[in-house]
Amino acid sequence: MTPINENFGKLPGSYLFSTVAKKVAAYAAAHPEAKIIRLGIGDVTQPLVPAVIKALHAAVDEMGRAETFRGYAPDLGYSFLREAIAENDFKARGCDISSDEIFVSDGAKSDSANIQELFGADAVIAVCDPVYPVYVDSNAMAGRCGEYDTEAGRWTRVIYMPTTAENGFVPELPKETPDLIYLCSPNNPTGTALRKNELQKFVDYANEVGAVILFDAAYEAYIEEADVPHSIYECEGAKTCAIELRSFSKNAGFTGLRLGFTVVPKELVRGGASLHAMWARRHGTKFNGAPYIVQRAGLAVYTPEGKAEIREQIAAYKKNAAIIRDGLTAAGYTVFGGVNSPYLWLKTPEGMSSWEFFDWLLETVHIVGTPGSGFGPSGEGYFRLTAFGSLENSVEAMERIRKARV
């Protein structure tokens, strides 16, 4: 009998967003007359900006000529893109990150799931609660999380750091010592962000105990407050304890193109091993690189034209966030986020679980969101909406909610 990875059998149900999609599809099939507004999954809706389209066309033309055709990409990604990333995303903010510490990939989701391969099977993880499900699920698949307690909605071997209204959405340092600490700021799903002094505490702690921080900065383009860092490397000492994951999906609308990158500093050493060298080995073994045409499109994001066009696009999503935030507040909901992030995090009406509110919202006003309990035990009683829809749908959704307050 061929042995299988029995850890998959420990995973609770389906992946969160797959479950949401199935429920919505079933409702839509039963009620074809319903005009459903989808504010659940964080997928962008605006088309790629002109500078990116122009770059894609030019790169496609290059691929059609023998003298400019490109095959496999370099392991770390093309130097033209890595150098642009280093200059614009890090050096411009005073972060000493070199281009050869940047690994181009097909997205932050893949990297956030794959990065755990660098660490031993007995590594203990700490996560903010609520949290992006991929962090926990990928470690559970590797057997690091123990058993899933269905009643408590948590894994027995995971250190949960509650991130709720009661602590201002700033997690306390872990009470037990972890090996890996997952942080996401601006946070998915709460839409809140860590101030520099708050993030510095985690950096200092990680260096003190020898932990590694896995910092997801996928939503940094939405930051508007000056004391919220765009990169963990703005904190002193971060290069000896932190890996940063970035995405082109939410800042430049690349959800359909797939492009991201991970930063692993050369100074980051654990157990006498260079994590930079380990990730380079893993990257070169298991990944053949993001497509040339997509990396050329990524470079266009950093041109003057690309920057201006993308700022305008992000401003449109942020306008949606403000409309949703104001609309929910006016309807009597307690709402967080939506300032430095495209996500809104609201408390469900008293007496309603997050899945009960999901059903009510879908069946009563035909709006799709994401139940907070799917992000972890502390997500129960909360609900996530996104600002990635159209302006018209954002306005209409708030009007529907205002008229149908629970």
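The values are calculated or read from the model by the stated rules, or taken from the named source; none is laboratory data. These figures come from a predicted structure and were not determined experimentally. Cβ coordinates were reconstructed from backbone atoms using ideal geometry, including for glycine residues, and neighbour counts include every protein chain displayed. Heads up: the accessible areas ignore ligands, DNA and RNA and are worked out on the full protein's heavy atoms, side chains in. Shrake-Rupley method; radii C 1.70, N 1.55, O 1.52, S 1.80 Å.
Could you please put M161, M63 in sequence from largest to smallest accessible area, using a 1.4 Å probe?
Sorted descending by solvent-accessible area, the residues read M63, M161.
Which whole-number percentage describes the relative contact order of the chain, with Cα contacts under 8 Å and a sequence gap of 6 or more?
23 percent
How long is the gain from E176 to T2 if the chain were fully straight, where each residue apart is worth 0.36 nm and the alpha carbon distance is subtracted?
So the extension gain works out to 58.9 nm.
By the gyration tensor of its Cα atoms, with a ≥ b ≥ c the square roots of the eigenvalues, what is the shape of region 320-406: rounded for a/c under 1.5, prolate for a/b over b/c, or oblate?
On the way: a/c = 1.60, a/b = 1.21, b/c = 1.32.
Because a/c hits 1.5 or more and a/b fails to exceed b/c, region 320-406 counts as oblate.
For a quick check: with amide H placed at 1.01 Å from N, whose amide H comes under 5 Å from M161's, ignoring anything fewer than 5 positions away on the same chain?
When sequence neighbours closer than 5 places are left aside, the close amide H contacts are V127, C128, D129.
What length, rounded to one decimal in nm, is gained on full extension from V209 through to A165, with 0.36 nm per residue of separation minus their alpha-carbon distance?
13.1 nm
Using a 1.4 Å probe on the protein chains only, how many percent of the accessible area of region 44-139 belongs to carbon and sulfur?
52 percent
Provide the three semi-axes, in whole Å and in decreasing order, of the ellipsoid equivalent to region 136-183 as defined by the square roots of 5 times the Cα gyration tensor eigenvalues.
Semi-axes, largest first: 21, 14, 9 Å.
Given a Förster distance of 51 angstrom, what is the FRET efficiency for A330 paired with F69, based on the Cβ-Cβ distance and rounded to 0.05?
FRET efficiency, A330 to F69: 0.35.
With each pseudo-label sitting 7 Å past Cα toward Cβ, what's the E350-K319 distance in nm, one decimal?
Inter-label distance under the simple model: 3.8 nm.
So for region 327-398, averaging the separation of alpha carbon pairs under 8 Å that are six or more residues apart and normalising by length, what relative contact order in percent results?
29 percent
On a full-extension model of 0.36 nm per residue, what is the gain between M278 and R93, subtracting their alpha-carbon distance, rounded to one decimal in nm?
63.9 nm
Can you pull out the chymotrypsin sites (Phe, Trp or Tyr not before Pro) in region 43-122 whose DSSP state is coil and whose Cβ has at most 15 other Cβ atoms within 10 Å? Write out the running numbers ahead of the final one.
On the way: sites: F69, Y72, Y78, F80, F90, F103, F119; in loops: F69, Y72, Y78, F119.
Passing sites in region 43-122 are F69, Y72.
How large is ³J(HN,Hα), in whole Hz, for each residue of region 137-148 in order, when computed from phi with the Karplus curve 6.51 cos²θ - 1.76 cosθ + 1.60 and θ = phi - 60°, using x for Gly and Pro?
Result, ordered by residue: 4, 5, 6, 5, 5, 8, x, 8, 9, x, 10, 8 Hz.
Which cross-chain or sequence-distant (5 or more) residues have an amide H under 5 Å from the amide H of V170, H modelled 1.01 Å from N in plane?
Excluding prolines and chain starts, which carry no amide H, the hits are T164.
How large are Rg and Dmax for the chain when only the alpha carbon atoms are used, in Å?
Over the chain's Cα set, Rg and Dmax evaluate to 21.2, 66 Å.
Heavy-atom accessible area per residue, region 14-158, 1.4 Å probe: how many Å²?
On the way: 6820 Å² over 145 residues.
Spelled out: the 1.4 Å probe surface of region 14-158, per residue, equals 47 Å².
Let me cross-check H366: its accessible surface, 1.4 Å probe, with only protein heavy atoms counted, in Å² to the nearest 10?
The value for H366 is about 50 Å².
Using the basic label-point model (7 angstrom from Cα toward the beta carbon), what is the S79 to K196 distance in nanometres?
3.3 nm
Give me the dipole magnitude in Debye, nearest 20, for the chain about the Cα centre, with unit charges on the beta carbon: positive for Lys and Arg, negative for Asp and Glu.
Computed about the Cα centre, the dipole is about 700 debye.
Between region 281-295 and region 17-39, what's the alpha-carbon centroid distance in Å?
What the calculation gives is 35 Å, centre to centre.
How much accessible area per residue does region 165-246 have, counting only protein heavy atoms and a probe of 1.4 Å, in square angstrom?
35 Å²
Report the paramagnetic label zone for K10: residues of region 178-214 whose backbone N is under 20 Å from a point 7 Å from Cα along the Cα-to-Cβ axis.
Residues passing the 20 Å test: 178-182.
Pop out the carbon and sulfur fraction of the accessible area of region 197-336 as a percent, whole number, probe 1.4 Å.
The nonpolar share, carbon plus sulfur, comes to 52 percent.
Could you tell me the largest-minus-smallest coordinate of the C-alpha atoms of region 234-278 on each of the three principal axes, in descending order and whole angstroms?
Between the extreme Cα coordinates on each principal axis of region 234-278 lie 39, 24, 11 Å.
In Å², and per residue, what accessible area does region 324-406 have when probed at 1.4 Å with the other protein chains present?
Roughly 35 Å² per residue, with all protein chains present.
Could you compute the net charge surrounding W279? Neighbours are other residues with a C-beta less than 13 Å from the C-beta of W279; K and R count +1, D and E count -1.
That works out to -1.
Describe numerically, in nm with one decimal, the distance between label points set 7 Å from Cα along Cα→Cβ at D43 and at H57.
Those two pseudo-labels are separated by 2.6 nm.
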